[in-house]
Amino acid sequence: MHAVIKLIAILAGVAILALGVGGLAVGLTLSSSAKTVIGAPPADLAAEAVTFPSTSGVTIRGWFVAGEPGKGAVVLMHGVRGNRLTMVPRARFLRAAGFSALLFDFQAHGESAGSRITFGHLEGSDAAAAVAYVKQRLPGEKIGVIGVSLGGASALLAPTPLKVDALVLESVYPDIEAATANRVSATLGSSLGSLFSQPLAHVLTLVMAPVLGASPVDLRPIDRMSAVTAPLLMVIGAEDRHTTVAETQAMFARAHEPKSLWLVEGAGHVDMSEHIPDVYQVRVTAFLSNWLQRRD
C-alpha cells in the first residue's frame, strides 16, 4: 500500500510539473509580441503619423485624423494581436461624421515597441497615454473611446479611470481566468471543456503571472466597471464563446447609468464593424454624437 501511495504521489508530481511547463509554454506563446510593419495610412483617411510616450515604457505609434471643431474626438483601441489597421473602418465612418480620431498600436503590437502582450496590464497605460495625447492635442473637444476586446479591457485597466465623455466596450473579458477558461473550453469542445477548462485555466493563469508581470487579480476589468463615469455602450455577440453574454451582463450590472447593452444576434467573437457594418455605423455614430458633440 505504501508503494502504491508513493507511486501516486510521484505521478501527481509529474502531472503538476507537466502542467506547469505546458502552461509556461502556452503563456509564452500567447503573450509573444505581435509587432509588424504598418506603413503609410490609407490616403482617404488624411491621417498624420504620430508618436507619444506611455508609462508602459515604450513609444506608441499611431495615426491622428483631424475632424471638425466641436464634433468630438474618438480614441480607437484594437483587439489582441491586432493593430491600428483593424480600426480603419471605424476611423473612416467617424471621419465622415466629423469626428477626430486617434488610431494607435498597443505596446508589443504593430509598430509600437514592447516585448510581450500583457492582456491589459501594460496596455492600460497605453490607453491612458492615448487619451492624454488627444486631450493635449484637442483641449476643447469631448473625447470618446471605442475599445474592442483587449482594447476595452485596457481602457478599464488604465492606472486611473479614464476621464472621457463616452465609452464603447465591445466583447471585453471580465477577468483573465474566465477568458482563459472560455478559450480552453472552445478548443477542447463541450464535453472535455466542461471537465478541464476551469482547472487548466487556473493553472495557466498562475503560471503566466511571472511572464506577464501581473497576477490574475490585476487582470479583472469587471472590478473596474463601477469606476466608469462616462456614458456607456456595451456590445456583445449572442454566440460569443470567448466572452459570454452572461459575463458581459455581469459587467454591465456594475456600471452606472447612463448605459445600454447591445446584444448582436448571430454574432460570435467577431469585429462588429465588419459583421454588421451598416447597423454598427448608425448605432455607434448616434451614441457618440449624442455625448461628444458640442451644442452651442
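All of the numbers you see were taken from the coordinates with simple rules; none came from a lab. As the structure is a prediction and not an experimental result, all values here were calculated from the model. Using ideal geometry, Cβ is built from the backbone for each residue, glycine included, and neighbour counts are taken over all protein chains shown.
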Coordinate range along principal axes, alpha carbons of the stretch 112-187, Å, largest first: 47, 27, 18
Theoretical gain in end-to-end length, residue 32 to residue 261 [0.36 nm per residue, Cα-Cα removed]: 79.2 nm
All-pairs alpha carbon distance profile, the stretch 41-84, 10 Å steps from 0, percent: 21, 51, 25, 3
Cα→Cβ-extended label distance, 7 Å offset, between residue 295 and residue 249, nm: 3.3
Distance cut-off 22 Å, percentage of C-alpha pairs in the stretch 49-130 lying past it: 22
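Could you pull out the pairs from 71/135; 142/259; 35/71 whose alpha carbons sit more than 21 Å apart here?
Values: 71/135 14 Å; 142/259 18 Å; 35/71 33 Å.
In this structure, 35/71 lie more than 21 Å apart at Cα.
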Simple spin-label estimate for residue 239 and residue 51 in nanometres, 7 Å along Cα-Cβ: 4.4
